[in-house]
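The values are calculated or read from the model by the stated rules, or taken from the named source; none is laboratory data. Since the structure is predicted, the reported quantities are computational estimates derived from the model, not experimental observations. In this analysis, Cβ positions are derived from the backbone assuming ideal geometry, glycine residues included, and neighbour counts consider all displayed protein chains.
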Amino acid sequence: MINKIRRSIPEAVEDIKDGATLLIGGFGEAGSPIELIHAVIDQGARELTVVNNNAGNGQVGLAALIAAGRVRKVICSYPRSSHSRVFTELYRAGKIELELVPQGTLAERIRAGGAGIPAFYTPTSVGTPLAEGKEEREFDGRRYVLERGLRADFALVKAERADRFGNLAYNKVARNFGPIMCMAAETAIVQVRRLVEPGEIDPEQVVTPGVFVKRLVEVPEPLVESELVAQGASYP
Amino acid sequence: MINKIRRSIPEAVEDIKDGATLLIGGFGEAGSPIELIHAVIDQGARELTVVNNNAGNGQVGLAALIAAGRVRKVICSYPRSSHSRVFTELYRAGKIELELVPQGTLAERIRAGGAGIPAFYTPTSVGTPLAEGKEEREFDGRRYVLERGLRADFALVKAERADRFGNLAYNKVARNFGPIMCMAAETAIVQVRRLVEPGEIDPEQVVTPGVFVKRLVEVPEPLVESELVAQGASYP
Amino acid sequence: MSETQAKRLGLSRKQMAWRAAQDLQDGAVVNLGIGMPELVASYVPDGRELLYHSENGLLGFGPPPPAGQEDPELINAGKKPVTLLPGASFFHHADSFAMIRGGHIDVCILGAMQVAANGDIANWSTGAADAVPAVGGAMDLVAGARAIWVLSEHTTRDGAPKLVEQCSYPLTGQGVVRRIYSNLGLIEVSETGFRLLEIAPGISVEELRALTGAPLEVPDSLPQIDAPEL
Amino acid sequence: MSETQAKRLGLSRKQMAWRAAQDLQDGAVVNLGIGMPELVASYVPDGRELLYHSENGLLGFGPPPPAGQEDPELINAGKKPVTLLPGASFFHHADSFAMIRGGHIDVCILGAMQVAANGDIANWSTGAADAVPAVGGAMDLVAGARAIWVLSEHTTRDGAPKLVEQCSYPLTGQGVVRRIYSNLGLIEVSETGFRLLEIAPGISVEELRALTGAPLEVPDSLPQIDAPEL
């Protein structure tokens, strides 16, 4: 029987090793898999490369993982945090590496990685500092740069509903990077608000087919990052 | 007010000109926009380039368009028709051009066209006759060929439900090429079984956001291609 | 008259947004950058229906919800709460940028630090050595939207021109800006450089030229922007 | 014994499908090619749950519906009617091939015209000048699925070997085949070429070698395929 449901959050992330690359879902707090990130902090993996649109907020979730010194490199489009100096201070101190990628290129690189496309050309960033060192090429009179597909060892993603096959439905804009990150990871780990029986998610409404998901864990009442930040909470 | 609904099928296709490139949805009969295709036959455009997975069945729909001598070139993965000799005969007589593309490369080329990606590398077809003349390149020790994004003047697509904004939901595997063809056409023309009020399609369940669709026409009871083929029907 | 008021020339920020809003056609698919561009939505003439796109996977959103009804999973690219209008849709990030890059967004209105006479735009980085660089979706938007309009003060806080011969800040994109809606006028970026289309009340062409860092073509007949009090 | 029966060596088609089915692990995501590979689904051992993928945008389908209950919009890649199992999902063609190309399909079982000792496969074209070429999804499947298994008669109808040193037909993919389930045996494609893993009943190694167009490594201990009567 296919059953991707894990009994606990720690069990779902236990084999993330030092040096792993993690795709972490979320745009701002929407879709941020905060419980999974905290479990990675507890679990102890170091020297991580993290792919996320941002660099975390306050002192919880991704910002806490960075503050704990576990992240060697961040690949993201907008590493300015709200209510957080964590990334900025480590970056200025030369203690964390940054690969800055335009947001749409980041999304497309992840989607390409998941789709078996090793590289593609895009008009984004042509003629800018972010195109430096990249191959440039003209198609039909317009200039493009070559970008590489991006894959990772793990994805940490938050979804709304899932069945034991790993079929996912999301909530509103919390969908953001979730579907493509599940595609691009060797092991996609998903925290869901509600586990449902197979068939309860209409086959027409499955956003991420289960084939892209390896592990599920139910988190019925996930922490709300903005509330934690407003309270000045920190993790651990 | 945004209202993409056209009053009649002929009106929806009236400006398709000689020499136009058409993306035509459907995999076999599922999703084939047969009423729109018949309207193109009536309308008279010639020298068309048609992109479809197949080359039509029987003597209706795409096969009828080809039989009517309107198609200069077919871009497809599997131009063997069931119950139809139309394409085969024209091809052998040198009267129609064929660009044979692996099915997944065809889908990815259309998706790339719609996403503003002019070209990408894929492992599909490496070392085969279909890679001949294509640029080959190695990434991380594996060989890939360069393929170009594909765009078109028009897409003809069949969907299940739509609202006046052009938001679409499909029926089962009739979805197939519809969403990506809508993305890749200057003008996507969609026949839908049922027009609904905005909001009736849950925002979570919109498969093709309206931004990709230009025109809609309601066809409540579309012809069933396999029935027509079984009856030996022909168009016009 | 307070010092602040005395310093301000031409249109108010709201009037600038109003002027840009007049040019958004019925049915347009629009992406409004974070900050002043967001004001534009408030001034679209009645009877025009626009579709607003947000990079984080949302099309067809409406104004912010009443206080207390915010949903942390219904936010725009500026991470501010929004509402849904009938006909809205959600999609993932790669699809969202496929819309942008694939030319499916009619107009994107952005702020800018500098715009050059050839349409180059700089709006993401001062290039300062100690700054943490951050780009977001700006480069994708300028490369992909069908029309890029800049909504910006005509000069920096220090009075330096933002419309320049050549950008000194790192570029966001090359040759992409079509129009600039500033507090002093409406400027088109043409094949030959900046071209004034309309001028704000209370400003002379000479004053405007003095505050512009590149040559400005001025037509014989120059309409004045007739904005309401805002 | 009729002439047809007399000519058939080793396993029946159903027994071949049965043998391949035994190797599909619980939980595998499987794409079955059109024709004989479709038979495999009928012989998966009880207690194993597999997910079947179809190129036309369907995951988790089940057996054909009873006559009269076919739905022309619920078909597989072979354009035959199927049913939905709980946990099924629909997706568009680019996503479907992203699954394939991105390595998300565990096993793909295909027919073949020829398989070479280096794993090359030819299964889409005879290269005949007057044939209309048609490839479908075969090249994507062989390039993308994690494991490619071939289910095929050991020889052509004329008795020519299908397992060869080098394919003479146009290739579908290079170095991709891992296993061949034929009517005569189970053959692995190893670094050094064909390697016999199991042999069909009633066949000797010598006979099998004679019907194979490339060297065949044979282990000291060679199990016989113990298929049920099918």
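Here is a list: D:GLY159, D:GLY136, D:GLY175, D:GLY144. Which entry is out of contact with any Leu (no Cβ under 7 Å at 6 or more places or on another chain), surrounded by 19 or more Cβ atoms within 10 Å (Cβ to Cβ) and on the phi > 0 side of the Ramachandran plot?
After applying the criteria, what remains is D:GLY136.
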Test: residue in the stretch D:141-150 that is within 24 Å of B:SER82 (Cβ to Cβ) and without any contact (Cβ under 8 Å) to a residue 12 or more places away in the chain: no
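Return a yes/no flag: does the stretch A:214-227 have any residue that is facing chain D (nearest Cβ under 9 Å) and not in a strand (DSSP E or B).
Taking every residue of the stretch A:214-227 in turn, none turns out to be facing chain D (nearest Cβ under 9 Å) and not in a strand (DSSP E or B).
Please indicate, with yes or no, whether at least one residue in the stretch A:101-109 is under 22 Å from B:GLU136 (Cα atoms) and under 16 Å from the mean Cα position of the chain (by Cα).
Quick first cut of the stretch A:101-109, residues under 22 Å from B:GLU136 (Cα atoms) only: A:108-109.
Filter again for under 16 Å from the mean Cα position of the chain (by Cα), leaving A:108-109.
Checked the stretch A:101-109: at least one residue is under 22 Å from B:GLU136 (Cα atoms) and under 16 Å from the mean Cα position of the chain (by Cα).
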Selected residue (criterion: farthest from the other protein chains (Cβ to nearest Cβ)) from residues of the stretch C:114-152 that are assigned to a loop (DSSP other than H, G, I, E, B) and more than 20 Å from A:LEU100 (Cα to Cα): C:SER152
Residue within the stretch B:177-184 that is more than 7 Å from every other protein chain (Cβ to nearest Cβ), aromatic (Phe, Trp, Tyr) and in contact (Cβ under 8 Å) with a residue 40 or more places away in the chain present: no
Where a residue in the stretch A:108-121 is within 13 Å of chain D (Cβ to nearest Cβ) and its partner, wherever it lies, is among the aromatic types (Phe, Trp, Tyr) and part of a helix (DSSP H, G or I), with Cβ under 7 Å and at least six apart: A:GLU108/C:PHE97
Matching residues in the stretch D:82-103 - criterion: being within 12 Å of chain B (Cβ to nearest Cβ) and small (Gly, Ala, Ser): D:ALA88, D:SER89, D:ALA94, D:SER96, D:ALA98, D:GLY102, D:GLY103
Residue match in the stretch B:163-186 (condition: hydroxyl-bearing (Ser, Thr, Tyr) and under 14 Å from the mean Cα position of the chain (by Cα)): no
All positions within the stretch A:1-42 that are in contact with a strand residue (DSSP E or B) (Cβ under 8 Å, 6 or more places away or on another chain), part of a loop (DSSP other than H, G, I, E, B) and of a type in the set (A, V, I, L, M): A:ILE2, A:ILE16, A:ALA20
Total residues in the stretch C:29-53, condition in contact (Cβ under 8 Å) with a residue 40 or more places away in the chain and within 19 Å of C:VAL142 (Cα to Cα): 12
Conditions (1) within 14 Å of chain A (Cβ to nearest Cβ); (2) surrounded by 15 or more Cβ atoms within 10 Å (Cβ to Cβ); (3) more than 30 Å from A:ARG85 (Cα to Cα); number of the one not met by C:ILE203: (1)
Failed item in (1) more than 13 Å from chain A (Cβ to nearest Cβ); (2) acidic (Asp, Glu); (3) without any contact (Cβ under 8 Å) to a residue 60 or more places away in the chain, with C:ASP106 passing the rest: (3)
Test: residue in the stretch A:193-206 that is more than 9 Å from chain D (Cβ to nearest Cβ) and buried (at least 24 other Cβ atoms within 10 Å of the Cβ): no
Some residue of the stretch A:58-81 being within 12 Å of chain C (Cβ to nearest Cβ) and touching a Ser or Thr at 6+ places or on another chain (Cβ under 7 Å): no
Residue count for the stretch A:35-45, restricted to those that are surrounded by fewer than 24 Cβ atoms within 10 Å (Cβ to Cβ) and within 17 Å of the chain's Cα centre (by Cα): 5
Residues of the stretch D:164-188 classified as over 14 Å from the mean Cα position of the chain (by Cα), away from every other protein chain (no Cβ under 14 Å) and either under 19 Å from D:ALA20 (Cβ atoms) or not in a loop (DSSP other than H, G, I, E, B) (or both), total: 2
Failed item, numbered, when B:ARG46 is tested on (1) within 30 Å of C:MET99 (Cα to Cα); (2) free of Cβ contacts under 8 Å to residues at least 60 places away in the same chain: (1)
Count - residues of the stretch A:157-176 that are closer than 17 Å to C:SER96 by Cα and at the interface with chain B (Cβ under 9 Å from one of its Cβ atoms): 4
Conditions (1) farther than 20 Å from A:LEU100 by Cβ; (2) modelled with pLDDT under 95; (3) out of contact with any Asp or Glu (no Cβ under 9 Å at 6 or more places or on another chain): number failed by A:ALA55: (1)
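Could you grab me the full set of residues in the stretch B:126-156 that are at the interface with chain D (Cβ under 7 Å from one of its Cβ atoms) and in contact with a strand residue (DSSP E or B) (Cβ under 6 Å, 6 or more places away or on another chain)? Lay out the reasoning, then the answer.
If we filter the stretch B:126-156 for residues that are at the interface with chain D (Cβ under 7 Å from one of its Cβ atoms), which is where we start, we get B:126-130.
Answer for the stretch B:126-156, where residues must be at the interface with chain D (Cβ under 7 Å from one of its Cβ atoms) and in contact with a strand residue (DSSP E or B) (Cβ under 6 Å, 6 or more places away or on another chain): just B:VAL126.
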Selected residue (only one of D:LEU171, D:LEU141 is among the aliphatic types (A, V, I, L, M), modelled with pLDDT of 95 or more and closer than 25 Å to D:PRO215 by Cα): D:LEU171
Residue in the stretch B:14-25 that is surrounded by 17 or more Cβ atoms within 10 Å (Cβ to Cβ), touching a Pro at 6+ places or on another chain (Cβ under 9 Å) and without any contact (Cβ under 8 Å) to a residue 40 or more places away in the chain present: no
In the stretch A:20-46, residue farthest from C:ALA77 (Cα to Cα) [restricted to those that are in contact with a Ser or Thr (Cβ under 8 Å, 6 or more places away or on another chain) and away from chain C (no Cβ under 14 Å)]: A:ALA20
